[in-house]
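Enquirer: Have a look at this one before I ask anything.
The values are calculated or read from the model by the stated rules, or taken from the named source; none is laboratory data. Since the model is a prediction, treat every value here as computed from it, not as a measurement. No Cβ is skipped: glycine too gets one built from the backbone with ideal geometry, and neighbour counts run over all protein chains shown. Side chains included, ligands, DNA and RNA excluded: accessible areas come from the protein's heavy atoms. Shrake-Rupley method; radii C 1.70, N 1.55, O 1.52, S 1.80 Å.
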Amino acid sequence: MTDAMNTTTAWAEVQAVVLSGITKRFPGVVANDGVNFAAAHGEVHALLGENGAGKSTLSNVLTGLYRPDEGTIDIGRVRHNFGSPRDALDAGVGMVHQHFRLVQTFSVAENVVLGEKGGGVFLSRRIIEQRVRELSERYHLPVDPAAKIWQLSVGEQQRVEILKVLYRQATVLILDEPTAVLTPAESQALFTTMRAIVAEGRTVIFISHKLDEVIDVADRVTVLRGGRSVGTVATSDSTVRSLAELMVGRDIAFTRQRSNDLVFGDSPVVLEMRHLQAHDDRGRMALKNVSLTVRAGEIVGVAGVAGNGQRELAEVITGLRESSGGVTLVGGFGLRGGNPREAIDAGLAHVPEDRLHTGLAPSLSVEDNLVLKSYRKRPIHTVGVLRRSRIRSMATALIERFDVKTPGPQTATRLLSGGNVQKVLLAREFTAKPKVMVAASPTRGLDVGAIETVRKLILQAADDGVGVLLISEDLEEVLALTDRLVVMYEGAIVGEFATSAASIESIGMLMGGASASPDEVAAS
Amino acid sequence: MSSVRGRVRFEKRLDVAKRMTYLVPLMSVGAALVVGAILLLATGHNPIDTYHKVFSRGFGSRSSLSGTIGLATPILFTGLAAAAAFRMGLFNIGGEGQLIMGAVGASGVAIALSDQAAPVIFIAMVVAGMVCGGLYALVPGFLKARFKTSEIITSLMMNYIAAIVLNYLIFNSTSYWRDPKSKGFPTGKAIGSAAQWNEFTVSDVVVPLGFVVASIAAAVVWGLYKKTRFGFEVNVVGDSPVAARYAGVNTRRKVLTVMGISGALAGLGGASDIGDFRHVLDAKGLSQAGYGYTGIVVAALARLNPLAVIVVAVVMGGLTNAGYALQGPDFPSGLVGTLQGLILFCTVAGEVLTRYRVRINRRTVAPAPSGPAEVSAA
């Protein structure tokens, strides 16, 4: 490894990691399709791509969590066939996950040595803490080795994760969207650490979808799109614009399923948000002053990479999350917020991201889930006693109308296929005759046929006068279905377009955090 | 190089076949009897004789059935209490304390109203037992609803508080409940004869009023959970609290209500303990009985089905009853306990089989070339 200390050595000659032709299939999806990836000693190599582009699958293959269906893995010129994450760690591949894997009640030092083979138990605390302290100074990772994890901030916890990997003498470090949980200042500090690590000839694989950061810290970038590697470029030859193009694809294939000349100027506003603000589960600002309106019959898309506030937006509108500022109006009626019942009664339908556990009670029957919101209304019960026969006949009719493939109305909902689960949910939401529908990633994980059905149902709803807010990471879907779209980045709306006139390039740049040129925004 | 690793894996069953729900418990009991027989043989007892005795002393005659039903009554109440809460995923471990509080309340009103007519006292005792048990359960319920405190911990701790309060009332104070005339060992005031609950005799089998009340309660709880809007909400919360919130169910209020119902059922058991059996607030007897904890086992074995709780409580009562009969100089109580424990153990173990399928997985890590070297190595 010492021969690689000189970081200016030609990369191609000292590859630290070479993945070639990696293919990984899951039922119904090819997550990685012949991906080629090579990173050299002493470089920060970014892995860039939208959600679902195959970044996570690729890093799981490299860390031994998944076994690839095809392709080879070479670490430091040795071919490996990882059977478990342990094997990968032994080969020098360490990963810092987005969700930390730390024992909250243990100290930093204890977490660092946890799981280490041999002798860990008998090492004195002082010696371990000393070692951790040395590492943390060497790599600019300030953290008190004696502190307990629960006392640390998110940024500090991430440093512990990095120390853990360094302590195991990993030569290849994978950082999975590390800046997603950091403040800008913390991100800068992390970049310093990353440079210190690669200065020793180690390799850092930096998974990200933030274009400016990638250009800032990485030497080279490999871009994934739709499970394939579309190219590796040096950041010195790249601009935010050229990376955005690679990431989103200039020739994004979509068929407009919506007429371009619909006008909604006269339709009443059915959903209005004014200056909405909200915090995420960790207490960070997740929605920053979001204002948006949806008119009856209109489909408005919210595009953006996951984790930029879309989830919180949907939750605030539907009452699942309390806002910390701003107002939401449904059909002109102001919601007090934080109360799903109120939103439902105001005429809001919700197709949540997690359809099987949030949108449905998975172990309950299909018929119970079909009345999950209407059970408290009149025909379904009489003085508190449920009318089973009415529920059954209503359920049977809906199953027929929405073509739900189920053995019967009493089958547990979780036993149905993904597409049929979504049909049960949509059947229930549509029959409530809503004014507004908030749909979050409604086709994610469905097969082609089911995607078509769900999209047709959404278009049908809009034709019936429902205002639809379609929140999706799938840009193709947003472009195909909506009349108007906004882009969210870091909790704010950073651009708005009439979909028929939208420039994919500018959308891609906005999604990656670059600001669009003013004329493009004005053009909307 | 090849390595074949055999691994035992538990896979969750997607759907539990209907017949499994009764076949597995039956087979579990069968397994327990087989293991128990080995144990009996090893300790020099005839298993067939012993099992025959267990059956005849537990369920075989009218007098033994009377005893069994009496023993089943308190655990029927606490079993219902546990089932009512557990169905919503609310783990009320505090049946013990709620039963004690119910007994305190019921005996209090029974003493106070001793000159009233029997039906008046009966109704007052039922109400007092339910209210005291229910309110006592609302404390952990409130903490859960308001601060998301784990009800498992708080309701468990409240059992100890209840036991201390009970001791205080009888042993450490001259309270309203303590009999001032008791010399030496302090006891509670006995309730008047009008306050004692009736017994029914159905073809020579004695059935205490409490058992009838409990069976009615079981039917009511079953209907409430199966047939009503309220029960629907409870089922949704029990299956997926997020989905319940999404559907607009007020989960906090549900926690309070269900906790109150559960506590009231346990408290009713306390009233029955006073009215049917002890006729006095018996501090020592109540703290040693452990009705609350047995109730959790009853509820679990009944798969939280209120009607099945009746059956399981009677079976458990029968086992206890037979245990008393078996016990003797040549049959130590430890052996009785072991036999009862085996049945519980096997039933709970069988439960795992209904929900999971055991798969012994032989995974070939690398393609295994079949060569002579391989054979000789093996």
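Enquirer: Quickly rank A:383-392, A:223-232, A:496-505, B:127-136 as a protection proxy: mean count of other C-beta atoms within 10 Å, highest first.
Expert: Peptide ranking by packing, descending: B:127-136, A:223-232, A:496-505, A:383-392.
Enquirer: To the nearest 20 debye, what charge dipole does chain B have about its Cα centre, counting +1 at the Cβ of each Lys and Arg and -1 at the Cβ of each Asp and Glu?
Expert: Dipole about the Cα centre, nearest 20: 1460 debye.
Enquirer: Just counting partner chain Cβ atoms within 10 Å, what average do the residues of peptide A:372-380 show around their Cβ?
Expert: Mean shielding by partner chains, rounded to a whole number: 3.
Enquirer: Separate question: Which of B:ALA214, B:ALA145, B:ALA83 ends up with the largest GNM mean-square fluctuation for chain B, with Cα atoms connected below 10 Å?
Expert: Taking springs between Cα atoms under 10 Å, the residue moving most is B:ALA145.
Enquirer: So which of B:LYS148/B:LYS226; A:LYS435/A:LYS456; A:LYS164/B:LYS144; A:LYS164/A:LYS210; A:LYS210/A:LYS288; A:LYS55/A:LYS433 end up more than 29 Å apart, counting from Cα to Cα?
Expert: The pairs that break the limit, which is 29 Å between Cα atoms, are A:LYS164/B:LYS144; A:LYS55/A:LYS433.
Enquirer: Anything in chain A that counts as a DSSP H helix reaching 15 Å or more along its axis (C-alpha) with Kyte-Doolittle mean of at least -1.0? List them, would you?
Expert: A:154-167, A:184-198, A:388-401, A:418-431, A:448-463
Enquirer: Now for a different question. Need the C-alpha centroid separation for segment B:121-142 versus segment A:357-434, integer Å.
Expert: Between the Cα centres of segment B:121-142 and segment A:357-434 lies a distance of 37 Å.
Enquirer: Report the antiparallel proportion of the DSSP beta bridges in the protein assembly as shown as a percent, rounded to a multiple of 5. Walk me through the numbers before you get to the answer.
Expert: Working: 63 of 98 bridges.
In the protein assembly as shown, approximately 65 percent of DSSP beta bridges are antiparallel ones.
Enquirer: Positive end of the charge dipole of the protein assembly as shown (Lys, Arg +1 and Asp, Glu -1 on Cβ, about the Cα centre): tell me which of A:LEU485, A:ASN51, B:ILE111 has its Cα farthest that way.
Expert: Checked the options; the winner is B:ILE111.
Enquirer: Moving on. Counting only protein chains, not ligands or nucleic acids, how are A:ILE458, A:ILE451 ordered by accessible area (probe 1.4 Å), most first? Could you put the intermediate results ahead of the total?
Expert: Numbers: A:ILE458 0, A:ILE451 40 Å².
Listed by decreasing accessible area, they come as A:ILE451, A:ILE458.
Enquirer: Could you work out the relative contact order of segment A:378-426? I mean the mean sequence separation of Cα pairs under 8 Å and 6+ apart, divided by the number of residues, in percent.
Expert: Over segment A:378-426, the number comes to 26 percent.
Enquirer: Assign unit charges at the C-beta atoms only (+1 for Lys and Arg, -1 for Asp and Glu), then state the dipole size of the protein assembly as shown relative to its Cα centre in Debye, rounded to the nearest 20.
Expert: 3020 debye
Enquirer: Got a sec? Which residues of segment B:208-233 lose 40 Å² or more of accessible surface with every protein chain in place, vs. that chain alone, 1.4 Å probe?
Expert: Flagged in segment B:208-233: B:LYS227, B:ARG229, B:PHE232.
Enquirer: Over the whole of B:341-353, what's the average partner chain Cβ count within 10 Å per residue? Rounded to a whole number, please. Don't skip to the answer; put the middle values down first.
Expert: Details: counts 0, 0, 0, 0, 0, 0, 0, 0, 0, 0, 0, 0, 0.
Per-residue shielding by partner chains comes out at 0.
Enquirer: Need one value: the accessible area of B:PHE122 in square angstrom, 1.4 angstrom probe, rounded to the nearest 10.
Expert: Solvent-accessible area, nearest 10 Å²: 60 Å².
Enquirer: Report the residue, chosen from B:PRO119, B:PRO25, B:PRO329, that carries the largest GNM mean-square fluctuation when chain B is represented by alpha-carbon nodes joined by springs under 10 Å.
Expert: B:PRO329
Enquirer: Please identify, among B:ARG278, B:ARG252, B:ARG355, the residue showing maximal mean-square fluctuation in a Gaussian network model of chain B using a 10 angstrom Cα cutoff.
Expert: B:ARG355
Enquirer: OK, next. Please tell me the relative contact order of chain A in percent, rounded to the nearest whole number, where contacts are Cα pairs under 8 Å and at least six residues apart.
Expert: This gives 15 percent for chain A.
Enquirer: Sticking with this structure for a sec: Mind checking A:353-360 for the average number of partner chain beta-carbons within 10 Å of each residue's beta-carbon?
Expert: Numbers: counts 0, 4, 1, 2, 6, 6, 5, 6.
That works out to 4 on average.
Enquirer: From Cα pairs below 8 angstrom and at least 6 apart in sequence, can you work out the relative contact order of chain B, rounded to a whole percent?
Expert: Numbers: 629 pairs, mean separation 144.1, N = 378.
Normalised by residue count, the contact order of chain B is 38 percent.
Enquirer: Right, here's the next one. Could you tell me the distance between the Cα centroids of segment B:146-162 and segment A:224-265, to the nearest Å?
Expert: The two parts, judged by their Cα centres, are 55 Å apart.
Enquirer: State the Cα centre-to-centre distance between segment A:465-493 and segment B:244-323 in whole Å.
Expert: About 53 Å separates the Cα centre of segment A:465-493 from the one of segment B:244-323.
Enquirer: Just in segment A:260-341: which trypsin sites (Lys or Arg not before Pro) are loop by DSSP and have at most 15 other Cβ atoms within 10 Å?
Expert: Those that pass, being in a loop and sparsely packed, are A:ARG282, A:ARG284, A:ARG336.
Enquirer: To the nearest 10 degrees, how steep is helix B:95-112 against the longest Cα principal axis of chain B, on a 0 to 90 scale?
Expert: 10 degrees
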